[in-house]
Amino acid sequence: MRITGELTDEAILRELGTRLASLRLRSNRTQADLASQAGVSKRTIERLESGAVATQLSGFLRICRALDLLEGFESFIPRAVPGPME
């Protein structure tokens, strides 16, 4: 599923959770392994992957770091370039 502005928050959280679960499985890690590496609880991983509940942003970032996804944030939220007034 493509993440667009038409999706509900719940649908986006479910899709993000599904994608993170797939990446975790592809890297051959259990939820407990990832939780330990990311410094979060296994329950946090379970909740994030199910899309049931949004986790704190810091926990989400720790999980993304453990899955080597932080570089993707560079394109997700690009650095601001000076505008004409600057």
Helix 57-66 vs. the chain, principal-axis angle (Cα, 0 to 90°, nearest 10): 70 degrees
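Strictly greater than 15 Å: what percent of every Cα pair in the chain meets that?
Details: 2254 of 3655 pairs.
I get 62 percent for the Cα pairs in the chain exceeding 15 Å.
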3J(HN,Hα) from dihedral phi, the range 28-38, Karplus parametrisation 6.51/-1.76/1.60, rounded to Hz, x for glycine, proline: 6, 10, 7, 4, 5, 4, 5, 4, 4, 5, 7
Ascending count of other beta-carbon atoms within 10 Å, so fewest first, for Ile63, Ile45: Ile63, Ile45
Length released on extending from Met85 to Glu46, taking residue separation times 0.36 nm less the Cα-Cα span: 9.4 nm
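Can you tell me, using C-alpha contacts under 8 Å and at least 6 residues apart, the relative contact order of the chain as a whole percent? Please report the intermediate quantities before stating the final value.
On the way: 65 pairs, mean separation 22.7, N = 86.
Here the relative contact order equals 26 percent.
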Residue order, fewest to most surrounding Cβ atoms within 10 angstrom, among Thr8, Thr18: Thr8, Thr18
Helix 9-26 vs. the chain, principal-axis angle (Cα, 0 to 90°, nearest 10): 60 degrees
Ser75-Asp33 pseudo-label distance in nm [points 7 Å out on the Cα-to-Cβ vector]: 2.6 nm
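Helix-only estimate, please: 222 nm mean residue ellipticity of the chain, summing -39500 (n - 2.57) across DSSP H runs of length 4 or more and dividing by its residues, to the nearest 500.
Values: 5 runs with 50 residues, N = 86.
Result for the chain, helices only: -17000 deg cm²/dmol.
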Global form of the range 19-63, assessed from the alpha-carbon gyration tensor, a/c cut-off 1.5: oblate
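Just so you know, all these numbers are worked out from the coordinates, no wet-lab data involved. These numbers come from a predicted model, not from an experiment. Cβ atoms come from the backbone with ideal geometry, glycine included; neighbour counts cover every protein chain shown.
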